[in-house]
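Structure first, commentary second.
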Amino acid sequence: MDVMVELRAVTKRFGAFHAVSEVDLQIRAGEFITLLGPSGCGKTTLLRMISGFETPSSGAVLLEGKDVTHEPPYRRDVNQVFQSYALFPHMTVQENIGFGLRMKKVPRAEIDERVRAAVAMVSLGGMEQRKPSQLSGGQRQRVALARAIVCRPKVLLLDEPLSALDAKLRHAMQVELKELQKKLGITFVFVTHDQEEALTMSDRIAVINKGRIEQLGDASQIYHRPKTTFVASFIGQANILRATVLSRSGERARVQLDGGLELLVNAEHLAGGTGSTLVSIRPEKIALRKEPQGAPENRFEARVEDELFKGATDQLRLRTDAGLVLTAVVANESSGQAALHVGDRVFCHLHPDDIVIVHEG
Ligand SMILES: Nc1ncnc2c1ncn2[C@@H]1O[C@H](COP(=O)(O)OP(=O)(O)OP(=O)(O)O)[C@@H](O)[C@H]1O
Ligand SMILES: [Mg+2]
């Protein structure tokens, strides 16, 4: 595995405040990695330490194995696309995109050729002579991207590059960006606080909370095996329940929820033996039946207490006989299929792997 970017115990303090704490991260060459976390968790600060606009208080930043912690931005083969686009207002699209190459004194003919290719890549043909003020937000965003890509950096840092776009354009740009990254083989470090965007675009996701990486993994690991309550509830919806571990054998544990219900669960993230813990259950993993099915293991009865129409899905609030309240999500009824309504009694079935032990986070 070729490591392109490495962070070693990187910490950034502003006065007494720790914006980034002891972050270790290896980013592979050609990888699309996303830093995901709430506002203020330290995403931009991390990017700025990779690009060199910020110096760590302690720790080291390495590019292709070389320590660049104290190198200025222009000495690093890294380009950053800023959320604010930062285009030159007096320059045309063409001039904006070619700016970096002119600064590097690349020959004129080569600049023209590379700018032409970059314009085509971001589908801005015909707009070369416009000024930024004559473009839409999405078009400006693409100019900013083309301007970064045309320099062919080894690493491209993108700080919430799609946040200003409407939902439809945003989805289109997500697909375009991902294809572009694959085509060019550039390492992308992408920042967002949009969990769906992170899940669809990334090879790996680093979930950040209060300046620390809380979990690193691919989309499926992050979604299906969250390690902490923070990850479980920041990415998607989760029922977080208090429980006591009764016994453990290998990858399974038997827990008792508050209220008495016993369940067989996934024990991957169980650190110790028995004792008090938390479990996370995704709402769509609760299979609801009007009649009991299969073995009684991980099955319990509940009543539908509330129903929310969400378009493609229905969100239900369930109350078990022991008084436990759970959120469930079911695909919307198609004609002929029995639907569930407020007041209905249901049998809830859960697969042990869909009940995950999580730590408080
Ligand atoms: N120059 C600075 N001086 C003092 N505090 C700062 C400075 N820059 C950032 N911070 C603080 O560090 C923390 C992390 O900021 P950062 O900009 O990295 O967050 P972020 O994850 O990018 O948030 P957002 O999603 O809102 O962009 C914040 O609490 C912020 O107020
Ligand atoms: Mg930010």
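List of remarks:
- Put a dot 7 Å past the Cα of A271, heading toward its Cβ, do the same for R319, and the two dots end up 3.6 nm apart.
- Listed peptides 308-314, 25-31 appear in the order 25-31, 308-314 once ranked by packing, highest mean of other Cβ atoms within 10 Å at the front.
- Charge sum, other residues only, whose C-beta stays under 14 Å from L241's C-beta, Lys/Arg counted +1 and Asp/Glu -1: 0
- Computed from backbone phi with θ = phi - 60° and the Karplus coefficients 6.51, -1.76 and 1.60, the 3J(HN,Hα) list for segment 198-207 is 4, 5, 7, 9, 8, 6, 9, 10, 9, 8 Hz; x is used for glycine and proline.
- Separation of alpha-carbon centers, segment 66-94 and segment 264-300, rounded to whole Å: 48
- Segment 90-162: equivalent-ellipsoid semi-axes (sqrt of 5 x gyration tensor eigenvalues, Cα, Å): 18, 16, 10
- Taking all Cα pairs closer than 8 Å and separated by 6 or more residues, the relative contact order of the chain comes to 15 percent.
- The simple spin-label model puts a point 7 Å past each Cα toward its Cβ; for D77 and D166 those points are separated by 4.1 nm.
- Peptides ranked, highest mean first, by Cβ atoms within 10 Å: ranges 296-303, 185-192, 161-168: 185-192, 296-303, 161-168
- Of R108, R142, R170, the one that fluctuates the most in a GNM where the chain has Cα springs shorter than 10 Å: R108
- Across segment 1-103 the C-alpha pair distances fall into 10 Å bins from zero in the proportions 13, 41, 31, 14, 1 percent.
- Dimensions (Å) - the chain, Cα atoms, principal axes, largest first: 75, 51, 37
- Dipole in debye (nearest 20) - segment 14-164, about Cα centre, beta carbon charges: Lys, Arg +1; Asp, Glu -1: 600
- Simple point charges give the picture: +1 on the Cβ of Lys and Arg, -1 on the Cβ of Asp and Glu, and for the chain a dipole about the Cα centre of about 1220 debye.
- Residue separation of R102 and H90 scaled by 0.36 nm, minus their Cα-Cα distance, works out to 2.7 nm of gained length.
- Computed FRET value (nearest 0.05) for E64 with E251, which takes r as the C-beta separation and R₀ as 35 Å: 0.40
- Ranked by the mean number of other Cβ atoms within 10 Å of their residues, highest first, the peptides 39-48, 210-219, 61-70 fall in the order 39-48, 210-219, 61-70.
- The slack between E301 and E262, meaning 0.36 nm per residue of separation minus the straight C-alpha distance, is 12.8 nm.
- Taking the DSSP beta bridges with both ends in the chain, the antiparallel portion is around 75 percent.
- What the Kirkwood sum gives for segment 230-358 is a hydrodynamic radius of 15.2 Å, with every pair of different alpha carbons counted.
- Per-residue extension of 0.36 nm, minus the Cα-Cα distance of H224 and E179, leaves a gain of 13.6 nm for this segment.
- Amide H to amide H, with H built 1.01 Å from N, S21 comes under 5 Å of K12, R212, counting only residues 5 or more places away or on other chains.
- Proximal lysines relative to K183, as straight alpha-carbon distance under 29 Å, when same-chain residues fewer than 8 apart are discounted: K43, K66, K104, K105, K131, K154, K168
- Model label sites at E110 and M1, defined 7 Å from Cα along the beta-carbon direction, differ in position by 3.4 nm.
Just so you know, all these numbers are worked out from the coordinates, no wet-lab data involved. On a predicted model such as this, the values are computed, not experimentally measured, just so you know. A quick note on method: Cβ atoms are made from the backbone with ideal geometry, for glycine too, and the neighbour counts reach across all protein chains shown.
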